1. Out of everything in the range B:80-97 that is hydrophobic (A, V, I, L, M, F, W, C) and more than 8 Å from chain A (Cβ to nearest Cβ), what residue ends up being surrounded by the fewest Cβ atoms within 10 Å (Cβ to Cβ)?
2. Would you mind finding the one in A:A182, A:A175, A:A202 that is in contact (Cβ under 8 Å) with a residue 60 or more places away in the chain, touching a Leu at 6+ places or on another chain (Cβ under 7 Å) and under 25 Å from A:H261 (Cα atoms)?
3. Going through the range A:181-201 one residue at a time, which ones are surrounded by 15 or more Cβ atoms within 10 Å (Cβ to Cβ) and over 22 Å from B:I80 (Cβ atoms)?
4. Which ranges mark the helices (runs of 4 or more DSSP H) fully within the range A:1-118 that have 3 or more residues being of a type in the set (F, W, Y)?
5. Only one of these is away from chain A (no Cβ under 14 Å) and surrounded by 21 or more Cβ atoms within 10 Å (Cβ to Cβ): B:F49, B:F100. Name it.
6. Within the group B:I33, B:I80, B:I15, which residue is in contact with a helix residue (DSSP H, G or I) (Cβ under 6 Å, 6 or more places away or on another chain) and more than 28 Å from A:T100 (Cα to Cα)?
Amino acid sequence: MSIIIISSDSEEIEEIIAEKVAVAMDYNRLGSQILTDVAANYQIDPVKLSEALETTPSVFKNMPSRHWRHYLSCIEAEVFDRLLKDNIVCWGLSAHLFVTGISHVMKVRLLSGGGRNIGKIAEQKGITVGRAEKLIADELRQHKKWSLTAYNLDETDPSQYDLVINLEQIDPTEAAITITNAVEYRKFQPMTYSIKCLSNLALAAKVNARLLESMVNIKVQARDSSVVVLTKASNRQKRKKIAAIKELAGDIEGVSYVEVHVKKNILTDATENPY
Amino acid sequence: MSKPLEVLLLDDEPIVGRRLKPALDKIGCHVEIFESPIEAVARIDQKEFDIVVTDIRMEEMNGLQVFEHVKKKWPRTKVIIITGYAKMDLAREAMEKGIFDFIAKPFRPDDLRQIIARAAQALGTPIDLSLIKD
């Protein structure tokens, strides 16, 4: 069976449709409720994880880039770990941006349009309708910027998705039916290749999360139990960094071989911190 | 003793057939190997195989064309694609057309044996992988 990842310009709509689809398909749910587990597993403040999913790094917001990348990597690792179990509807974790190249993952984008009740938002926040409209427009702009900064992908680009539904024209129940029908297509069914790709991404994400805890400039690829880590280091620190990466990555369950490729980093030549 | 599973293995790289045939023999398959898709298709015209394992990228005919040919002639036959050029779009296209499974090269012989076992199960002629003697 398949995996459905739902994203939208409205968190509320995302959750409503995901819930309908999960009920109709009898699929498991994977939403932001897992952030408490991520926080516990990686010993991170859950508030920081939520913040990382909404804001771009900034020293003023007490979210340095290095921590931000690490928080996101922990979320990715946890999401991948759960996606390996299949039959899942996932939303609210930006998985549509980092779960890529998996043929049995169907990505859906919901355009809320009139589905977002501006009046209700204005009332809830005690602001004018005009102000609420501006607030929503700012939110959308901010999230597009976030997706570009975090994953170099524009989440508003329809070509990133297998199915785009405009809720201004299609009602939520019909949208859920459309999604459940589409995921039945054979092309979204798992196969040996797609399952292998997913488990490779899951292992790479686990290694990435471990390394980003203490390092920066890390990219990880995995194939079966072999892992390739791409990083940057000064000539002075190169050997030490390779050894540290091999030790940390080699310690992770499922990793049998670690290869490290280092590019010269001139900027760190002058610093004390090797990572 | 039950009838062996008839398998046609097509890959233009000779080493693939040489390496995989013994692995499939061990699970009781009767394997015929081909390097030319034209010759493989001619053989398919003569005989109904239970399973066809084919590469995708080949000179005279690609694996999906071989699949179309098999489906037209023997709808019951399960087709498994093996390829060194696996990509999501190709995997989806192959799946949509009706292939049984898709696996990226390189893979371990046991990976293919697992797929063959599932195909055998789907054909109603299950095989017992625990009997393999390596």
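1. Result: B:L90.
2. That would be A:A202, the only listed residue that is in contact (Cβ under 8 Å) with a residue 60 or more places away in the chain, touching a Leu at 6+ places or on another chain (Cβ under 7 Å) and under 25 Å from A:H261 (Cα atoms).
3. Applying the first criterion (surrounded by 15 or more Cβ atoms within 10 Å (Cβ to Cβ)) to the range A:181-201 yields A:182-183, A:187-201.
Scanning the range A:181-201 gives A:A182, A:V183, A:L201.
4. The helices (runs of 4 or more DSSP H) meeting that bar are A:65-83.
5. Numbers: B:F100 fails: away from chain A (no Cβ under 14 Å).
Matching residue, one of B:F49, B:F100: B:F49.
6. That would be B:I33, the only listed residue that is in contact with a helix residue (DSSP H, G or I) (Cβ under 6 Å, 6 or more places away or on another chain) and more than 28 Å from A:T100 (Cα to Cα).
FYI, it's all coordinate maths here, none of it is from the lab. Here the structure is a predicted model, which means the values were calculated and not measured. Here Cβ is always computed from backbone atoms with ideal geometry, including for glycine, and neighbour counts include all displayed protein chains.
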